[in-house]
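The values are calculated or read from the model by the stated rules, or taken from the named source; none is laboratory data. For clarity, every value in this text was computed on a predicted model and none was experimentally measured. Reconstructed Cβ throughout: ideal geometry from the backbone, glycine too, with neighbour counts over all protein chains shown.
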Amino acid sequence: MTFPEQHPDPAYQLGPPADPRPIVVVGAGGIVRDAHLPAYRKAGFDVHALVDVVRPRAEELAARFGVRRVFGSVADAVAAAPPEAVYDVALMPEQFEPTLRALPEGSAVLLQKPLGHHLEETRRLQRLVRERGLVAAVNTQLRFAPYVQVARRLVAEGTIGELVDLEIRICVETHWELFPQVFTLDRLELNMHSVHYLDLVRSFLGQPASVSAVTVPHPDKPHPNTRTAVLLHYPDRPLRVVVSTNHDHDLGPEHQASSITWQGTRGALRAQLGLLLDYPRGGLDRLQLATPGQGWSDVDFTGSWFPDAFIGSMSALQNVVTGRTSSLPTSVDDVARTMALVEAAHTASRRGGVVPEPTD
């Protein structure tokens with residue numbers, strides 16, 4: 001019997017296209033400053049233009065990264081863009097629909113995650129993408145983090161045997177004030193953060209049969225939810241799959257955690273996501289391999305989540321539109337299934353678990 005993680009999509013290993021298309025970046029917020037533009041500069045991609053309704057913000061960022069064209073509206077950017085341009089829409093989900101309607105039909109588009117705040121919004125976006133014939137992907141870039149890419153290859157090669165356990169554990173102090181746009185949301189942690197981990201699990205194991213979850217707020221904070229535990233059920237396999245996040249660990253660095261662990265029948269891999277240990281500066285990234293009788297040893301990789309994973313998500317889209325591959329693992333239709341998991345986790349948390357039977 002074979003399993004999804006043994007046959008990863010080859011698009012994950014292709015790397016950047018030889019002849020990339022020019023990119024129009026829509027949005028000039030912190031994630032564009034910290035990840036998108038550094039990634040594209042590192043990869044040698046041509047950023048044709050930067051767009052933001054707050055034009056001075058876009059102009060400052062364009063000057064820093066050598067982007068020659070700045071626009072205050074999507075319509076103006078489209079009018080000046082080459083026909084083969086790829087649009088990188090780094091906005092909040094509520095801004096996706098009017099932006100997609102302003103793009104030329106058939107355009108290539110990379111949307112920032114999440115793909116909607118609620119599943120009905122996701123479905124509307126799916127329909128709009130189809131109506132306009134867009135080649136659209138979602139920037140669920142953790143799939144392309146360098147340590148994940150190496151781990152994906154090693155798991156597929158059978159280095160740790162059959163996968164029996166996948167655990168993602170985050171216990172950090174997250175400074176949500178760095179993202180003031182999230183304070184008005186009715187859903188926070190699952191939609192804006194754990195969506196990465198649910199998406200990552202799917203990219204290895206496929207869609208689970210069901211979901212159990214708890215997501216809760218902190219009593220002293222205004223955020224709708226900041227701590228989550230999710231169990232993903234794969235009933236045909238002896239698999240334990242857990243995503244556990246706590247963003248309220250404000251007790252110092254000693255017992256913080258930020259890791260992904262893949263355990264198999266013949267060993268294990270553990271990635272440390274250093275970025276979250278001291279965001280946005282970041283701590284130490286590591287990937288380690290353990291095999292019976294050998295203990296843990298470091299596995300080499302190059303790069304980090306920021307900015308290198310953003311090269312991967314843009315490359316995946318560009319490899320499709322330039323004809324290098326027909327496979328787009330982060331397509332809107334695929335990531336819509338991740339958003340269905342997010343919705344299911346909210347529903348499971350709201351409904352609660354199984355009530356224990358009374359005892360004698």
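Of all the numbered requirements in (1) touching a strand residue (DSSP E or B) at 6+ places or on another chain (Cβ under 6 Å); (2) more than 26 Å from Glu5 (Cβ to Cβ); (3) not hydroxyl-bearing (Ser, Thr, Tyr), His255 misses one, and that requirement is (1). Checking each residue in the stretch 218-261 for being outside any strand (DSSP E or B) and under 20 Å from Arg351 (Cα atoms) picks out His218, Pro224, Asn225, Thr226. Of the residues making up the stretch 51-73, those that are part of a loop (DSSP other than H, G, I, E, B) and of a type in the set (Asp, Glu) number 1.
Restricting attention to the stretch 2-42, the residues being hydroxyl-bearing (Ser, Thr, Tyr) and within 26 Å of Gln95 (Cα to Cα) number 1. Inclusion of Glu105 among residues that are assigned by TED's automatic domain parsing to the domain that holds Asn319, free of Cβ contacts under 8 Å to residues at least 12 places away in the same chain and either out of contact with any helix residue (DSSP H, G or I) (no Cβ under 7 Å at 6 or more places or on another chain) or within 16 Å of Val32 (Cβ to Cβ) (or both) is not warranted.
Only one entry in Val195, Val129 is part of a helix (DSSP H, G or I), in contact (Cβ under 8 Å) with a residue 24 or more places away in the chain and not assigned by TED's automatic domain parsing to the domain that holds His247, namely Val129. In the stretch 12-35, the residues that are part of a loop (DSSP other than H, G, I, E, B) form Cβ pairs under 6 Å with partners that are acidic (Asp, Glu) and buried (at least 18 other Cβ atoms within 10 Å of the Cβ), at six or more places apart or across chains, as follows: Ala28/Asp52.
Take the conditions (1) surrounded by fewer than 18 Cβ atoms within 10 Å (Cβ to Cβ); (2) in the same structural domain as Gly206 (by TED's automatic domain parsing); Arg270 misses just one of them, which is (1).
Inside the stretch 74-111, residues that are in a strand (DSSP E or B) and of a type in the set (D, E, K, R) make up a count of 1. Counting the residues of the stretch 309-331 that are crowded, with 22+ Cβ neighbours inside 10 Å and under 14 Å from the mean Cα position of the chain (by Cα) gives 8. Using the structure shown, decide if Leu275 is assigned by TED's automatic domain parsing to the domain that holds Val201 and either more than 21 Å from Phe144 (Cα to Cα) or surrounded by 17 or more Cβ atoms within 10 Å (Cβ to Cβ) (or both). So Leu275 passes the test.
Is it the case, given these coordinates, that Val67 is more than 25 Å from Val129 (Cα to Cα), among the β-branched types (Val, Ile, Thr) and in contact with a helix residue (DSSP H, G or I) (Cβ under 8 Å, 6 or more places away or on another chain)? Show your work before the answer.
Working: more than 25 Å from Val129 (Cα to Cα): yes; among the β-branched types (Val, Ile, Thr): yes; in contact with a helix residue (DSSP H, G or I) (Cβ under 8 Å, 6 or more places away or on another chain): yes.
It is true that Val67 is more than 25 Å from Val129 (Cα to Cα), among the β-branched types (Val, Ile, Thr) and in contact with a helix residue (DSSP H, G or I) (Cβ under 8 Å, 6 or more places away or on another chain).
Taking the conditions exactly as written (in contact (Cβ under 8 Å) with a residue 24 or more places away in the chain, buried (at least 22 other Cβ atoms within 10 Å of the Cβ) and either touching a Cys at 6+ places or on another chain (Cβ under 9 Å) or not in a loop (DSSP other than H, G, I, E, B) (or both)), does Val148 satisfy them or not? Here the answer is yes, as Val148 does meet what is asked. Close contacts from the stretch 232-259, counting a first residue that is modelled with pLDDT of 95 or more and a second that is outside any strand (DSSP E or B) and acidic (Asp, Glu), with Cβ to Cβ under 7 Å and a gap of 6+ residues or different chains, come to Thr245/Glu189; His247/Glu189.
Quick grid of which residues meet (1) assigned to a loop (DSSP other than H, G, I, E, B); (2) not basic (Lys, Arg):
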residue: Phe301; (1), (2): yes, yes
residue: Ala309; (1), (2): no, yes
residue: Gly312; (1), (2): no, yes
residue: Leu317; (1), (2): no, yes
residue: Arg324; (1), (2): yes, no
residue: Leu341; (1), (2): no, yes
residue: Thr347; (1), (2): no, yes
residue: Pro358; (1), (2): yes, yes
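Filter the stretch 184-236 for residues that are touching a Leu at 6+ places or on another chain (Cβ under 6 Å) and polar (S, T, N, Q); which is surrounded by the fewest Cβ atoms within 10 Å (Cβ to Cβ)? Result: Ser212.
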